[in-house]
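Trainee: Got a structure here, written out as structure tokens. Questions coming.
The values are calculated or read from the model by the stated rules, or taken from the named source; none is laboratory data. Computed from a prediction, not measured in an experiment: that's the story for all the values here. Here Cβ is always computed from backbone atoms with ideal geometry, including for glycine, and neighbour counts include all displayed protein chains. The protein model used for the area step is the full one, side chains on, heavy atoms only, and it has no ligands, DNA or RNA in it. Shrake-Rupley method; radii C 1.70, N 1.55, O 1.52, S 1.80 Å.
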Amino acid sequence: MVRNVASLVLVATVAAVLAAGDVPARAGGRPKLEVVGGNVAKAGEFPWVVRLSMGCGGALTAPRVVLTAGHCVGPTGPNDRITVTAGVTDLKAKNAVTARSVEVVRAAEFQTETRGDDWAVVKLDRVLSLPTLALVPDASGDQGQVTVMGWGQTREGSLRQERRLHYATVPTIPDAVCARSYLPAKVVLVQEESICAGRHGVDTCQGDSGGPMVRRGRDGRWAQVGIVSWGLGCARDAYPGVYTQISRFRTVILAATRALS
Ligand code: ARG
């Protein structure tokens, strides 16, 4: 899949930093083949998740708006380059719905994914009649078991994107623990804007960026807690997956969404 240059550079840099004293991914465990270590979603599950043509995920958060990662898109402004595939878990299913981007609003402070502010909203050329995903109302759901998903690689070393949506349930990891994990790699976690998550052999991976991290609210409905952002490798025990913390950006994301609706 095609990731943007920033994330390629990051992966390359971090890989270089680690090359000397690297630990093998999933040392001691057999790599599981699926997100990494996940399951294949059934048709109709997660009806608001979408695939973006540059090789990212996203979620329909309004009938005409997709929320994704800032590093998946270009700068704020008119943009007709993104094709959105929606309404399916199997990207080749006949009932796939497609739409085209018309405009992008990227977080004003966005620099690169590891620096925080990794979110963007994309306006579509038409309204889609599909369920939309709500954002979590507050930070109370920022810890615990969460579900992550995408069509990205099922192994760190795989260069293949998946045709079918994969998902996995993973526990969040406290910011301080996560920040400490990344210190040896010289990556400073922006703790107040990130949620870390993952468990042994289970993580998102390249191509899952922009996709939603969700949990069920009290009403039983899914709500978006995070956005797949970055990680060092995939499913390495020492390096959790890092997600944009929706509760931190809720107000500004909702305002941007409203402005595009
Ligand atoms: N930046 C990646 C992408 O563009 C997402 C990586 C997530 N990595 C992880 N280990 N959780 O697809």
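Trainee: Might you check whether a residue that is farther than 21 Å from ALA134 by Cα and modelled with pLDDT of 95 or more occurs anywhere in region 246-261?
Mentor: no
Trainee: What residue, among those in region 69-101 that are more than 17 Å from HIS166 (Cα to Cα) and polar (S, T, N, Q), is surrounded by the fewest Cβ atoms within 10 Å (Cβ to Cβ)?
Mentor: If we take residues in region 69-101 being more than 17 Å from HIS166 (Cα to Cα) and polar (S, T, N, Q), then ASN95 is surrounded by the fewest Cβ atoms within 10 Å (Cβ to Cβ).
Let's see how each residue does on (1) among the aliphatic types (A, V, I, L, M); (2) on the phi > 0 side of the Ramachandran plot; (3) modelled with pLDDT of 95 or more:
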| site | (1), (2), (3) |
| --- | --- |
| SER194 | no, no, yes |
| ASP208 | no, no, yes |
| MET213 | yes, no, yes |
| GLY233 | no, yes, yes |
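Trainee: Okay, moving on. If the requirement is being polar (S, T, N, Q) and under 15 Å from the mean Cα position of the chain (by Cα), which of these qualifies: THR85, THR112?
Mentor: The unique qualifying residue is THR112.
Trainee: When region 221-239 is examined, which residues are found to be within 11 Å of the ligand (Cβ to nearest atom) and basic (Lys, Arg)?
Mentor: ARG236
Trainee: Of the residues that make up region 244-259, is at least one aromatic (Phe, Trp, Tyr) and either part of a strand (DSSP E or B) or more than 30 Å from GLU103 (Cα to Cα) (or both)?
Mentor: So far as region 244-259 goes, no, none of its residues is aromatic (Phe, Trp, Tyr) and either part of a strand (DSSP E or B) or more than 30 Å from GLU103 (Cα to Cα) (or both).
Trainee: If you go through region 116-129 one residue at a time, how many are surrounded by 16 or more Cβ atoms within 10 Å (Cβ to Cβ) and out of contact with any Ser or Thr (no Cβ under 9 Å at 6 or more places or on another chain)?
Mentor: Total meeting the criteria: 1.
Trainee: Can you name the condition, by its number, that ALA168 falls short on among (1) open to solvent by 30 Å² or more (accessible area, probe 1.4 Å); (2) farther than 15 Å from GLY116 by Cα; (3) modelled with pLDDT of 95 or more?
Mentor: Here ALA168 meets the rest and fails (1).
Trainee: Restricting to region 225-261, name every residue that is surrounded by 16 or more Cβ atoms within 10 Å (Cβ to Cβ) and over 20 Å from PHE110 (Cα atoms).
Mentor: GLY233, CYS234, ALA235, ARG236, ASP237, TYR239, PRO240
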